[in-house]
Each structure stands twice: as C-alpha cells, then as structure tokens.
Amino acid sequence: MKLPPARVEAFVRRPDPEIRAVLLYGPDAGLVRERADAIARTVCPDLHDPFRIADFGAAAMVAEPARLFDEAAQIGLIAGRRVVRVRDAADSLAPILVRFLFAPPGDALLVVEAGDLPGRSALRRGFDDSPLGAAIGCYPDSARDLTGVIRESLGAHRIGASRDAVAFLVEHLGNDRLVTRTELEKLALYVGDGGRAELDDARNAIADAAALALDDAVLAAAEGDAATLDRALDRVFQEGAAPVSVIRAALRHFQRLHGLAARVAAGAAVDDALRAARPPIFFKQHDSFRRQLARWREPRLRRQLDALSAAEARMKTTGLPAETICRAALLDLAGPAEPD
C-alpha cells in the first residue's frame, strides 16, 4: 500500500492493524529512524526489550534469510506482539521481503529502514503493491513542517521562541530530522527549561563561529563590501575553514543569486522573487539580497560563476597557496561593478 502524504503522520501514530510490514525510505535518514522508532513503539514501547524486539542489519538477513521468518513467527515469552526491525535495506533484499509480504508468519510487525530508493525500486514496488505492506517516503522538512518540529521540540521544554529565532532555525536546519532534533536539544539546554529563545540564542547554540563567519564573508562579497569581507575571511581562516569550502559556499550563493536575477530579468518584482525563493531566504537577509540584486545582473553573474569555478580549479592544479587564490577570487567579487 502506498500511503498518501496526508495520511502519513496519522499512520505513524497508529498504524492500520492489517498492515504487517512498513518500509521507511528516503534521503532524510534521521526522519526514517524517527518514524521507524515511532511505529515500533506502537507495538512495543520499550525498543530495547530483548523478548519483543528483534533487530538486525541487511547483511545478516542476506547471510541467513530464514532468520526473518523465524523471528516473525516466534511467540514472545511475555504478552504482546513482537517487532522485527531490519536496517540498511536495499533492493538486494526485495525477494526475501516480498516473499514475507506474500505470507507473513506469526503476528509480528516488520519495520524496514532503507535509504533513498528510486521510483523503479523493486523494494518500494513490493511494499506499494502489497495489501499487507506500507511504504513511507521520508524527505527533508518543508519550512512549514520544520516550524512545527521547532515549536514541538522547544515546547517539550516549555521554551518559547521569537519570530526571528524561528526564522533563523528554519533557514539553518531541516536536511535531517535527527540532526534537527539534536540541534534543538542543544538550544533547549542553552536557554533552559521555561525560557525564551531569541535570535542570538539560536545563533550561539546551533551555528558554529566558522559557519557564521563564512555567511558574513559571502554576503559581504556579493554586496561589494571589501572591508567587511576581509575581516570575515580572517575569522573564517582562523576558525580552520578550508579555502576550497569558502569558494564552494560562494558558488552556491551566486548560483542562488543567479536564479533570483533571472526571475527579476523575466519581469518578476524583486520582493516577489525573494518570497518565492526555495529554500526560503532568512527574512533578516532580505535587505542584503535586495542590495545584491541591485548590484548584479544575470550576464555578470554568469561570468562570476565561471570565475569562481576557475579559482577552485587553480587551487587543485597550480600549487599556489589556496588561501591566496580564495582571497583574490572573493575580493574580485567585491570590487567595483563592471558593465554587463
């Protein structure tokens, strides 16, 4: 059975009783694990109960295929259904798991965790097509979903958060649910139960100094502020950042700026282009992006993207000091605007 997105959260809280096996897959490994744990707890609240939880990796199942059926058929020594968990699944396990779905023994619930599987995946198709199976994709949180996770995680500690703090967290978290939860726990510890998280608290708790300095450097380069750029680069390199990572951060930023400039060139209003940006632009940076879009036009951005790529290539091929090449490339970005 293929679950529509609108049904996923309700299913995770209370799986359909006729479902005997659930496949969790997708690029967000933390969300895969979080949902797998939640589903398993609906059967056995203690995930470390050795009598009701069987947990093994894909390699063990390949080496001993009968073990899946033996574990599922086993009757627990105490009351209650068992849970069989399989980690790191891939299409190589499809024949075994599809055979299980055809005639599952016992009454155990099978919970399978996998990585990002393509639409043609035999494993996905097996769960999608079975009336006894359910397949759930786990993808990075949208801004709206992430806001809910932030409110929920901080609310568990009775912590409120300012609009600025939430916007910063949405901008800097979300690629992996487990990482997001961990970072929010750090913020909760930093603020203290019953407190209130402000923007500075969020910046201090979840963003390391090198990352903040790198953001400052790239924005200063794009705005043409050479003095701020030079100071920010000093901080970046003092924190130990590699020059190639600075160039790549600049490339990512200018690729994003190029996309925004193309929309403006096609007739979109600047504010509309900024609001439509995905991932969302941290609202405190909107003024900076407006200044950048006033300074850069699409043809010049294209040339600077080529220049940044060439700078990365020089770092790898010329033997010249990488930091010198990096500084020269970013200071060139901050230099006087040339005609388009």
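Remarks
Condition check ((1) assigned to a helix (DSSP H, G or I); (2) touching a Phe, Trp or Tyr at 6+ places or on another chain (Cβ under 8 Å)) across all residues:
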residue: 118; (1), (2): no, no
residue: 123; (1), (2): yes, yes
residue: 179; (1), (2): yes, no
residue: 185; (1), (2): yes, no
residue: 188; (1), (2): yes, no
residue: 200; (1), (2): yes, no
residue: 203; (1), (2): yes, yes
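- Residue that is nearest to the chain's Cα centre (by Cα) [pool: residues in the stretch 128-145 that are free of Cβ contacts under 8 Å to residues at least 40 places away in the same chain and within 28 Å of residue 181 (Cα to Cα)]: 142
- Residue in the stretch 38-58 that is surrounded by fewer than 17 Cβ atoms within 10 Å (Cβ to Cβ), among the small types (Gly, Ala, Ser) and in a loop (DSSP other than H, G, I, E, B) present: no
- Hey, residue 289 without any contact (Cβ under 8 Å) to a residue 40 or more places away in the chain, among the aromatic types (Phe, Trp, Tyr) and on the phi < 0 side of the Ramachandran plot or not: yes
- Candidates 181, 125, 81, 120 - the one that is under 24 Å from the mean Cα position of the chain (by Cα), assigned by TED's automatic domain parsing to the domain that holds residue 55 and closer than 30 Å to residue 71 by Cβ: 120
- The condition (being among the hydrophobic types (A, V, I, L, M, F, W, C), outside the structural domain of residue 162 (by TED's automatic domain parsing), free of Cβ contacts under 8 Å to residues at least 24 places away in the same chain and surrounded by 15 or more Cβ atoms within 10 Å (Cβ to Cβ)) is satisfied by just one residue among 241, 276, 328, 232: 232.
- Yes/no for residue 152 being of a type outside the set (Ser, Thr, Tyr) and under 17 Å from residue 29 (Cβ atoms): no
- Some residue of the stretch 259-271 being over 20 Å from residue 329 (Cβ atoms), of a type in the set (D, E, K, R) and either in contact with a Lys or Arg (Cβ under 7 Å, 6 or more places away or on another chain) or part of a loop (DSSP other than H, G, I, E, B) (or both): no
- For the stretch 208-215, the criterion of being buried (at least 18 other Cβ atoms within 10 Å of the Cβ) and more than 23 Å from residue 332 (Cβ to Cβ) is satisfied by no residue at all.
- Pairing residues of the stretch 37-64 that are at negative phi with residues that are outside any loop (DSSP other than H, G, I, E, B) and of a type in the set (Ser, Thr, Tyr), at Cβ distances under 8 Å and at least 6 apart in sequence or on separate chains, gives 58/92; 62/92.
- Only one of 53, 39 that is among the aliphatic types (A, V, I, L, M), assigned by TED's automatic domain parsing to the domain that holds residue 98 and touching a Lys or Arg at 6+ places or on another chain (Cβ under 8 Å): 53
- Evaluating residue 148 against the criteria (1) within 28 Å of residue 276 (Cβ to Cβ); (2) in contact (Cβ under 8 Å) with a residue 12 or more places away in the chain; (3) small (Gly, Ala, Ser) leaves one unmet condition, (2).
- Inside the stretch 20-37, residues that are in contact with a helix residue (DSSP H, G or I) (Cβ under 9 Å, 6 or more places away or on another chain), of a type outside the set (A, V, I, L, M) and not in a loop (DSSP other than H, G, I, E, B) make up a count of 5.
- Residue list for the stretch 92-105, restricted to those being touching a helix residue (DSSP H, G or I) at 6+ places or on another chain (Cβ under 7 Å), surrounded by fewer than 17 Cβ atoms within 10 Å (Cβ to Cβ) and of a type outside the set (Ser, Thr, Tyr): 105
- Candidates are the residues of the stretch 89-114 that are in contact with a strand residue (DSSP E or B) (Cβ under 7 Å, 6 or more places away or on another chain) and of a type in the set (Gly, Ala, Ser); the one that is nearest to residue 47 (Cα to Cα) is 108.
The values are calculated or read from the model by the stated rules, or taken from the named source; none is laboratory data. For clarity, every value in this text was computed on a predicted model and none was experimentally measured. FYI the Cβ positions are ideal-geometry reconstructions off the backbone, even for glycines, and counts take in every protein chain you see.
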